[in-house]
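The values are calculated or read from the model by the stated rules, or taken from the named source; none is laboratory data. What you are looking at is a predicted structure, and each value in this text was computed from that prediction instead of being measured. Note: ideal-geometry Cβ built from the backbone for every residue, glycine included; neighbour counts use all protein chains shown.
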Amino acid sequence: MAAKLIKGTEIREQILEEITAEVAEIKEKHGVVPGLVTILVGENPASISYVTLKIKTAHRVGFNEIQDSQSEDLSEEALLGLIDKYNNDDAINGILVQLPLPKHIDDKKVLNAIDPDKDVDGFHPVNVGRLMIGGDEVKFPPCTPAGIQEMIVRAGVETSGAEVVVVGRSNIVGKPIANMMLQKGPGANSTVTIVHTRTQDLAAHCKRADILIVAAGVPGLVKPEWIKPGSCVIDVGVNRVGEKISEKTGKKIAILSGDVDFDAAKEIAGYITPVPGGVGPMTITMLMKNTLKSLKFKLGIA
Ligand code: NAP
């Protein structure tokens, strides 16, 4: 294999250790720890397992974590009331509303009600604007793109002057990571192209990428011949392509695959992320980082 594997599982451990040490230091100096609340409405099994992992991670790094579970029939007004309560709670630095919400609740209205200074997911229009301006304006970069940038930087890949091609233009991955990579500053300064379903020659764009970030949700979309030899390939895609029995638990689990033909691509690229174990573990990690940052902004030590 030619490529160096960029393992999200390993980088996650480093970052969580850094966060744990910083939380302990702040606790000693200032007598406070970051407070994170997760609001879960209903009992969607995927949401429950995701929230459970967030809680476990928050406890591990020493946060005060509150899980606020509400029944499926909670009204929109009541949910907005809860958000208002946490917006005004001094012990809370980050507010997360787990999506999807039940159909009778307007997601946009709810997410926009979160105080932008506690919006650790980074999806509030104010934080999207701050990200676009860049530099010191940025408070909470959205977690998956922030994780991608962190992986590129920690792997030692040069971004300044690099041709970055992003496949996908979603608001949660494609657009923000493209914006982050073109900013003036460390870990960025790249020349960025975004491609999507209306792009005329996807292959030609991918072939000139020094850093290829693929977030399409289409298994095997990126062919090995589209990869520039020695380039860095970040595969964000998480696609269920089958089922198998887990050796650990004996239960049925999904077989996951990315958007890149990994086995062939790893022989051509210089760096590559696996799926699973690549970008996936970085999202919750960066959520912890944003929550810690929120407390640091409040204490004036960020
Ligand atoms: P999304 O909202 O469905 O957006 C997909 C984007 O890819 C769209 O912009 C779409 O173009 C483009 N696209 C789809 N098929 C394409 C094709 N054949 N050629 C060129 N462009 C194509 O998806 P998303 O939310 O960004 O997620 C993308 C993938 O990343 C998914 O597999 C998701 O599960 C995964 N993901 C992983 C993490 C994580 O690991 N932590 C987090 C978020 C997402 P159009 O705009 O033209 O339709």
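For the range 281-297, the tally of residues that are surrounded by fewer than 22 Cβ atoms within 10 Å (Cβ to Cβ) and either modelled with pLDDT under 95 or of a type in the set (A, V, I, L, M, F, W, C) (or both) stands at 2. Residues that are assigned to a loop (DSSP other than H, G, I, E, B) and either under 23 Å from residue 11 (Cβ atoms) or within 12 Å of the ligand (Cβ to nearest atom) (or both) within the range 150-163 comprise 155, 156, 157, 158, 159, 160, 162, listed in sequence order. Within the range 183-206, restricting attention to residues that are surrounded by fewer than 17 Cβ atoms within 10 Å (Cβ to Cβ) and in a helix (DSSP H, G or I), the residue that is nearest to the ligand (Cβ to nearest atom) is 203. Restricting the search to helices (runs of 4 or more DSSP H) fully inside the range 1-114 and requiring at least 1 residues that are closer than 30 Å to residue 254 by Cβ, free of Cβ contacts under 8 Å to residues at least 40 places away in the same chain and of a type in the set (Asp, Glu) gives 8-30, 107-113.
The set of residues in the range 144-160 being over 16 Å from the mean Cα position of the chain (by Cα), closer than 14 Å to residue 212 by Cα and of a type outside the set (S, T, N, Q) consists of 157, 158.
A single member of 223, 228 is basic (Lys, Arg), more than 14 Å from the ligand (Cβ to nearest atom), surrounded by 11 or more Cβ atoms within 10 Å (Cβ to Cβ) and closer than 24 Å to residue 207 by Cβ, and it is 228. When the range 231-240 is filtered for residues that are surrounded by fewer than 24 Cβ atoms within 10 Å (Cβ to Cβ) and hydrophobic (A, V, I, L, M, F, W, C), only 238 remains.
Say whether the condition of being touching a helix residue (DSSP H, G or I) at 6+ places or on another chain (Cβ under 8 Å), within 14 Å of the ligand (Cβ to nearest atom) and modelled with pLDDT of 95 or more is met by at least one residue in the range 239-247. For the range 239-247, residues touching a helix residue (DSSP H, G or I) at 6+ places or on another chain (Cβ under 8 Å), within 14 Å of the ligand (Cβ to nearest atom) and modelled with pLDDT of 95 or more: absent.
With touching a Phe, Trp or Tyr at 6+ places or on another chain (Cβ under 8 Å) and within 14 Å of the ligand (Cβ to nearest atom) as the only criterion, which of 147, 122 stands out? Before you say what the answer is, go through the steps one by one.
Working: 147 fails: touching a Phe, Trp or Tyr at 6+ places or on another chain (Cβ under 8 Å).
Going through 147, 122 in turn, just one is touching a Phe, Trp or Tyr at 6+ places or on another chain (Cβ under 8 Å) and within 14 Å of the ligand (Cβ to nearest atom): 122.
Can you confirm whether the range 164-178 contains a residue that is surrounded by fewer than 21 Cβ atoms within 10 Å (Cβ to Cβ) and more than 12 Å from the ligand (Cβ to nearest atom)? No, the range 164-178 contains no residue that is surrounded by fewer than 21 Cβ atoms within 10 Å (Cβ to Cβ) and more than 12 Å from the ligand (Cβ to nearest atom). Scanning for something at pLDDT 95 or above, outside any strand (DSSP E or B) and more than 10 Å from the ligand (Cβ to nearest atom), does the range 251-262 turn up at least one residue? Looking through the range 251-262, at least one residue is at pLDDT 95 or above, outside any strand (DSSP E or B) and more than 10 Å from the ligand (Cβ to nearest atom). The set of residues in the range 131-144 that are part of a loop (DSSP other than H, G, I, E, B) and either within 11 Å of the ligand (Cβ to nearest atom) or under 25 Å from residue 199 (Cα atoms) (or both) contains only 142. Taking the conditions exactly as written (away from the ligand (no atom under 15 Å from the Cβ) and within 19 Å of the chain's Cα centre (by Cα)), does residue 211 satisfy them or not? Against the criterion (away from the ligand (no atom under 15 Å from the Cβ) and within 19 Å of the chain's Cα centre (by Cα)), residue 211 qualifies.
Looking at the range 249-280 only, could you name the residues that are within 21 Å of residue 16 (Cα to Cα) and surrounded by 23 or more Cβ atoms within 10 Å (Cβ to Cβ)? First the steps, then the outcome.
First, the residues of the range 249-280 that are within 21 Å of residue 16 (Cα to Cα): 273-280.
Within the range 249-280, 273, 278, 279 meet the criteria.
Only one of these is part of a loop (DSSP other than H, G, I, E, B), within 21 Å of residue 259 (Cβ to Cβ) and at pLDDT 95 or above: 171, 179. Name it.
Values: 179 fails: part of a loop (DSSP other than H, G, I, E, B).
Exactly one residue qualifies, and that residue is 171.
Only a single criterion out of (1) touching a residue at least 60 places away in the same chain (Cβ under 8 Å); (2) surrounded by 15 or more Cβ atoms within 10 Å (Cβ to Cβ); (3) not hydrophobic (A, V, I, L, M, F, W, C) is not satisfied by residue 145, namely (1).
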